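The values are calculated or read from the model by the stated rules, or taken from the named source; none is laboratory data. Everything numeric here is computed off the predicted structure, so don't read it as measured data. Positions of Cβ are backbone-derived with ideal geometry, glycine not excepted, and every protein chain shown enters the neighbour counts. Heads up: the accessible areas ignore ligands, DNA and RNA and are worked out on the full protein's heavy atoms, side chains in. Shrake-Rupley method; radii C 1.70, N 1.55, O 1.52, S 1.80 Å.
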Amino acid sequence: MKISYNWLKDFIDINDTPEKIGDILTETGLEVEGLEYVEKIPGGLEGLVVGEVKSCIAHPNADKLKLTTVDVGADELLPIVCGAPNVAEGQKVVVALVNSTLYPTGGEPFKIKKSKIRGEVSQGMICAEDEIGIGTSHDGIIILDSDKPNGTPANELYETGSDYVFEIGLTPNRGDATSHLGTARDLKAYFDQPIKVPTAPFHQVEADRPIKVTVENSEACPRYSAATIRGVKVGPSPDWLQWRLKAIGLSPINNIVDITNYVMMSIGQPMHAFDAADITGDEVIVKTLPSDSLFTTLDEVERKLHENDLMICNKEEGMCIAGVFGGIKSGIKETTTDIFLESAHFSDEYVRATAMRHSLSTDASFRFERGTDPEMTIPALHMAVDLILTIAGGHLASEYMDVYPEKIKPVEIPTTYRNFHRLIGIDIAHERIIKILNLLDIETKEVTEVGFTAVVPPYRSEVTREADLVEEVLRIYGINNIPLDESFSAGHLADFSEKEPYKLQEQLSQYLSGTGFSEIQTNSLTNPKYYEDLKLGEEPVEIMNKSSEDLGYMKTSLLYTALESVRHNINRKQKNLKFFEFGKVYFKKNEKFKETPQFAIYLTGNKQEENWLEPTSKTTFFDLSKTVFSVLNHLKIRTFKTTPVTDENLEYGLQIEVKNKVIGALGKVKTKITRYYDIKQEVFYSVIKWPDLVKFSETETHFEELSKYPEVRRDLSLVLDKNVSYGEIEEIALKTEKNLLNRINVFSVYEGENLESGKKSYALSFFLQDKTKTLTDKVIDKVMNKLITIFEKEVGAIIRK
């Protein structure tokens with residue numbers, strides 16, 4: 001938000017420098033993020049003077065140029081080459097002297113230098129208005145109607161003016177400070193100095209077809225004030241008004257619209273002016289329209305309305321989205337002669353929801369969303385009416401209309417001095433507390449030695465609790481005035497987890513990136529149609545203020561948006577994909593909202609791109625399992641087991657268990673899901689709960705000396721029932737021989753001829769090692785016989801010899 005230093009002085013007498021005022025505003029809670037020096041005419045016309053053309057002849061080497069001599073009050077006439085068609089002897093002109101800098105309208109600044117133009121010396125420049133930044137015309141040079149002596153500085157002819165503009169980072173809770181008046185209120189409290197509220201004379205009403213107002217939704221519009229003015233003349237605003245708006249970054253439009261913006265920036269009340277000719281039936285109705293009604297806004301975008309979008313309507317149609325954006329039909333035009341002037345107090349909740357639904361942010365919605373002053377509608381209307389009648393003419397054709405069915409009352413907050421002292425940390429005099437609150441327009445009553453009741457005006461809607469009152473006192477008293485004990489210390493240092501999830505995430509990202517994977521980040525919002533059609537995940541969380549109907553749910557599965565990325569890449573001829581993702585899923589359970597961080601891996605296409613060295617092959621489930629197991633190993637999670645899983649997302653797969661807890665699953669995405677996304681190739685997917693990965697990971701790395709005793713390999717071929725998994729075999733073996741069995745490997749799996757129906761054969765390698773001595777055949781045979789016995793007993797294995 002931009003605040004003008006000069007404009008601020010209209011409301012309060014301040015003599016401090018802009019830099020000092022900026023520091024004070026930051027101290028009081030209005031953080032000044034920047035201070036900019038602005039000039040009404042860039043450069044202030046420095047180095048430009050009044051000159052008189054003493055001679056003007058054709059340039060000998062150019063048809064369209066003239067050679068002039070110009071008197072600028074110096075001892076000698078200046079030779080200047082000029083290309084303007086209207087330059088002539090005897091004219092008074094504006095001359096830019098050598099070494100002056102010009103700031104052209106819409107262009108970059110440039111410096112005037114002594115030069116030769118087509119062989120003739122030129123010591124200056126005779127200027128057009130666009131060349132010095134005072135207008136847009138380039139039809140010819142400026143011809144002055146002035147008796148000022150030659151050499152008079154040009155800034156004596158034009159009102160140059162300068163200002164300082166504060167860029168304030170306004171927090172959402174400071175709706176009271178969205179104007180120069182609001183900012184001045186903080187300075188009033190800081191300096192203990194009165195503010196000057198602008199006044200305007202009352203104008204006589206000449207009743208002439210006054211426009212009626214009906215408010216059908218008083219919850220969304222607690223107060224609606226308005227007036228009808230007829231006979232105005234729309235045109236450019238006066239110079240002073242244009243400069244005020246330009247200084248804070250607003251572009252002048254016309255006198256009527258500029259006045260509404262001026263009032264809003266002055267005292268914080270957004271206003272809207274309608275062309276009264278477009279108000280059919282001479283009645284304005286404040287109401288909501290049926291859902292999906294179409295309305296075209298000023299930016300020529302046709303929008304579908306929500307049933308809770310408050311509208312300003314005439315008898316036939318909507319004219320404006322209340323508090324947010326005007327309509328294309330009812331705005332002020334050059335031909336407008338009668339206007340209907342609106343000054344309303346709209347509900348911050350309604351305006352915020354509507355602005356979000358339509359992705360609109362305007363100066364008006366910025367203020368209504370933070371809460372405006374319901375008592376400011378009539379003063380603002382009065383101020384705007386006076387300015388319009390003064391600048392644009394016309395007459396007041398109606399009394400002020402004011403629909404205010406239920407007055408918004410001040411909030412009363414009982415409080416005690418003890419709580420002020422407890423929360424601030426020091427004792428502030430009771431009288432000082434009362435005075436600061438009173439200076440902030442917060443009245444106090446029922447004052448005792450123990451406490452008082454604060455009466456908070458409606459425009460301070462964010463002050464609702466005792467703690468808010470303490471904050472108000474503290475920001476004016478000055479947080480820098482609270483002494484900090486030199487011996488200040490904490491008696492307890494917080495415990496910090498040895499495992500930092502973000503560091504583990506970064507480490508895992510680097511590991512997977514190094515193996516050829518790409519990280520994806522997808523939207524937390526997803527299309528409700530996905531859930532309705534696929535039903536993946538728990539009960540979804542619906543977004544109340546949707547930016548788009550296609551983004552109406554929080555995603556219940558990472559697959560929803562990840563498959564969009566897979567499809568996007570495949571459609572662009574990138575078919576061999578290796579993705580990983582850290583994301584969250586959101587759902588409702590037992591009427592409570594939940595969110596769960598997850599880690600996912602996606603594989604599709606071929607294992608590698610085609611090359612001359614080796615043939616390519618398609619990615620399989622085993623490529624996924626190899627990657628997932630390598631991730632677990634990288635995180636030093638070595639005691640896990642896998643079992644077959646039935647999952648809503650997977651045609652087949654495994655679930656991963658660590659210490660009897662299921663932490664995730666991996667497998668092939670169901671074909672019906674990939675087809676739904678128009679993906680014609682297989683997609684393999686693993687998802688693991690990220691908090692469990694962090695919990696079971698190990699942060700320490702242990703090293704041990706390589707054993708000097710050799711490792712021994714023995715092979716077995718087992719015939720098993722098909723439903724016996726390798727995981728079961730591995731678990732049984734490692735339980736049976738904990739000391740000498742290092743690892744197991746499957747080097748062949750067979751199903752088919754020469755085996756009974758429902759059977760399969762595993763060929764397994766068992767690696768044995770004693771780290772203290774060389775294994776003997778006797779010990780090795782004993783171990784293998786023990787394994788054979790347990791396999792026969794536990795899973796009914798037949799040992800092939």
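At a probe radius of 1.4 angstrom, the accessible area of the chain per residue rounds to 52 square angstrom.
A Förster radius of 56 Å, combined with the Cβ-Cβ distance separating GLU591 from GLU449, puts the computed FRET efficiency at roughly 0.75. Between the residues PRO18, THR297, LEU563, the greatest Cα displacement towards the positive end of the dipole of the chain, with unit charges on the Cβ of Lys, Arg, Asp and Glu, is found for LEU563.
Mean silhouette area of the range 489-628, derived from the convex hull of its C-alpha atoms and averaged over all directions, reads 14.0 nm². Rolling a 1.4 angstrom probe over the range 205-347 with all protein chains present gives an accessible area of which 46% lies on carbon and sulfur atoms.
Packing here is the average count of other Cβ atoms within 10 Å per residue, and on that basis the peptides 398-404, 709-715, 126-132, highest first, run 126-132, 398-404, 709-715.
Taking the Cβ-Cβ separation of THR101 and GLU614 as r and a Förster radius of 41 Å, what is the calculated FRET efficiency to the nearest 0.05? Spell out each step's value before the answer.
On the way: r = 69 Å, r/R0 = 1.67.
FRET efficiency, THR101 to GLU614: 0.05.
Taking the Cα of HIS203, stepping 7 Å toward and past its beta carbon, and measuring to each backbone N in the range 371-403: which are under 16 Å? Only 378-401 pass the distance filter.
Could you give the length gained on full extension between TYR37 and SER361, defined as 0.36 nm per residue of separation minus the Cα-Cα distance, in nm?
Between TYR37 and SER361, full extension yields 114.0 nm more.
Kirkwood-type hydrodynamic radius, the range 7-124: 17.7 Å, calculated from all non-identical alpha-carbon pairs. In the range 624-774, the convex hull through the Cα atoms has an average projected area of 12.1 nm², a quarter of its surface area.
Within the same chain, aspartates and glutamates fewer than 8 places from LYS594 are excluded, and of the rest, those with a Cα less than 15 Å from its Cα are GLU538, GLU539, GLU542. Averaging Cα coordinates gives a centre for the range 677-706 and one for the range 726-801; these two points are 27 Å apart. From the alpha carbon centroid of the range 510-561 to that of the range 4-35 is 46 Å. Could you sort out which of LYS499/LYS575; LYS304/LYS329; LYS575/LYS626 sit more than 27 Å apart by Cα distance in this structure? From LYS499/LYS575; LYS304/LYS329; LYS575/LYS626, over 27 Å: LYS499/LYS575.
In this simple spin-label approximation, ASP147 and THR643 carry label points 7 Å from Cα along the Cα→Cβ vector, and these lie 10.8 nm apart. Fully extending the segment from LEU504 to LYS113, taken as 0.36 nm per residue of separation minus the present Cα-Cα distance, adds 134.5 nm.
Once the C-beta distance of ASN438 and LEU484 is scaled by a Förster radius of 35 Å, the resulting FRET efficiency is 0.75 to the nearest 0.05.
Our estimate of slack between TYR158 and ASP23, defined as 0.36 nm per intervening residue step minus the Cα-Cα distance, is 45.3 nm. Its DSSP H runs of at least 4 residues, each contributing -39,500 (n - 2.57), put the calculated 222 nm mean residue ellipticity of the chain at -7500 deg cm²/dmol, to the nearest 500. Distance between the 7 Å Cα→Cβ label points at ASN61 and ASN523: 6.4 nm. Among the lysines, which have Cα under 27 Å from the Cα of LYS708 when same-chain residues fewer than 8 positions away are ignored? Answer for LYS708, where 27 Å is the Cα cut-off: LYS636, LYS735, LYS738, LYS771, LYS773, LYS778, LYS782, LYS786, listed by chain and number. Checking [x] 233; [y] 194; [z] 327 against volume of the Cα convex hull per residue in Å³ calculated from these atoms, the matching label is [z]. With a simple spin-label model that places each label point 7 Å from the Cα along the Cα-to-Cβ direction, the separation between VAL746 and THR390 comes to 8.9 nm. Ordering of 747-755, 185-193 by packing is 185-193, 747-755, highest average first (other Cβ atoms within 10 Å, averaged per residue). In sequence order, the range 677-692 has phi-based couplings of 8, 6, 9, 9, 10, 5, 10, 10, 9, 10, 9, 10, 5, 4, x, 6 Hz under the Karplus curve 6.51 cos²θ - 1.76 cosθ + 1.60, θ = phi - 60°, and Gly or Pro positions carry x.
Dividing the mean sequence gap of close Cα pairs (under 8 Å, 6+ apart) by how many residues the chain holds gives a relative contact order of 8 percent. Most simply put, the chain has about 95% antiparallel DSSP beta bridges, counting only bridges with both residues inside it.
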